[in-house]
Amino acid sequence: MTLNEQLKHKIDFKTKPLGALGLLEDLALQIGLIQNTLTPELKNPALLVFAADHGLADEGVSAYPKEVTWQMVMNFVSGGAAINVFCRQNGFNLKVIDAGVDFDFPADAPITNAKIARGSRNMRREPAMTVSECLSAIGKGREQVKQEAARGCNIIGFGEMGIGNTSASSLLMHRFLNIPIESCTGAGTGSRGEQLVRKIQILKEISEKYNPQTPEETLATFGGLEIAMMVGAMLEACDQQMILLIDGFIATAAVLTAIQMNPEVRGNCVFCHSSDEQGHQLMLRHMDARPMLHLNLRVGEGTGAALAFPLVQAAVNFLNQMSSFETAGVANKE
């Protein structure tokens, strides 16, 4: 039997009706295949939060000012954000990475300095990044995951912080999926009414201004430094045979981008939740992804990934610890 068949047999003959653990059964099968074993393990879970500023924020596409990016990063390192709470609860090693924040953090702050620039450029006027900057960010994202792999991590979640990054994600989604910008764009941090209408008009204008040809050029044109770094991290995590815990709209836009560069990334992704962003729900449907949670989240930071972890653990635990009909002496319906 192939490993896939062996895993299905092991799952099907646990002491339960066939298929009765629903999505947990699919998850157990997926994790066994990722790790190439009938007895998978979750080791040293990590959550990487990439932060960067966006020049496009100067156009008023967000309900919050750009300064919130660095202020929230300081909140992360002081332990006061939602992601800190959920990482502590579920045993994640949280790493905060400065991919391109327009701020000089204290030298003694527990922040990984991977700054490429002090934010991306205003893409209403010029591409967000040069291709060289984008490739550098991808490389630095890979480095972060290599460090986690070296300490024995095999399951990794991705978070982000960057005022303006829902706009960048909407543009990436629009370009890669050929979906109208109106369907890709939502409230983000709270754009409503006229501000949302203006945001959509600006994004349409930006999309019509450029015609990048490759995934890398598209990411450089419409992305952000934290998104590019996350793409690199996701590519490396796939190469390292890790489980990728995918958070909300921005993280899903990043993994959509990574899949354009390496389609194998899709098989390692666990989509943790469906957010309140309409674009996120469309992306999930396009990737035939069944998210684990529906909590109306709209925080980012990797919160959905941290919250879903106990369910991933449950899938591995039932596969490894639950009795089979044979070992339990329970009569199977067959």
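Note on Lys95: lysines with a C-alpha under 25 Å away, same-chain residues under 8 apart excluded, are Lys43, Lys66, Lys115, Lys140, Lys146.
Give, as a single signed number, the net charge of other residues whose beta carbon lies under 14 Å from the beta carbon of Glu25, with Lys and Arg counted +1 and Asp and Glu -1. Taking every Cβ under 14 Å from that of Glu25, the sum is +3. Out of these labelled values of percent of Cα pairs over 34 Å apart, [x] 29; [y] 55; [z] 23, which was calculated from the coordinates shown here? Read-out taken from this structure: [z]. Taken as entire DSSP H runs, the helices of the chain that both span 20 Å or more between Cα atoms along their own long axis and average 0.0 or more on the Kyte-Doolittle scale are 225-239, 303-321.
For a protection proxy built on the mean count of beta-carbon atoms within 10 angstrom, sort 295-302, 204-211 highest first, please. Don't skip to the end; give the middle numbers.
On the way: 295-302: 21.1, 204-211: 15.2.
Those peptides, ordered most packed to least, come out 295-302, 204-211.
Which residue, Ala20, Ile227, Gly100, has the largest displacement toward the positive end of the dipole of the chain when charges sit on each Cβ (Lys, Arg +1; Asp, Glu -1)? Looking along the dipole axis, the top candidate is Ala20.
Give the aspartates and glutamates reachable from Lys8 as a straight Cα distance under 15 Å; neighbours fewer than 8 places away on the same chain don't count. Counting by Cα, and skipping residues close in sequence, Lys8 has these aspartates and glutamates nearby: Glu25, Asp26. Extending 7 Å from Cα along the Cβ direction at Gln313 and again at Thr15 yields two label points whose distance is 2.3 nm.
Only aspartates and glutamates eight or more places from Lys204 in sequence, or on another chain, were considered; those with a Cα closer than 14 Å are Glu59, Glu182.
Calculated [222 nm] ellipticity per residue, helices only, for the chain: -15500 deg cm²/dmol; basis is -39500 (n - 2.57) per DSSP H run with n ≥ 4, divided by all residues, nearest 500. Hey, in the GNM for the chain with a 10 angstrom Cα cutoff, which one of Asp276, Asp12, Asp247 fluctuates hardest? Ranking Asp276, Asp12, Asp247 by mean-square fluctuation puts Asp12 first. Normalising the average separation of contacting C-alpha pairs (under 8 angstrom, six or more residues apart) by the number of residues puts the relative contact order of the range 1-152 at 23 percent.
Rule-based calculations on the coordinates, nothing more; no lab input. All figures in this text were calculated on a predicted structure; none of them were measured in a lab. We place every Cβ from the backbone using ideal geometry, glycine too, and count neighbours over all the protein chains shown.
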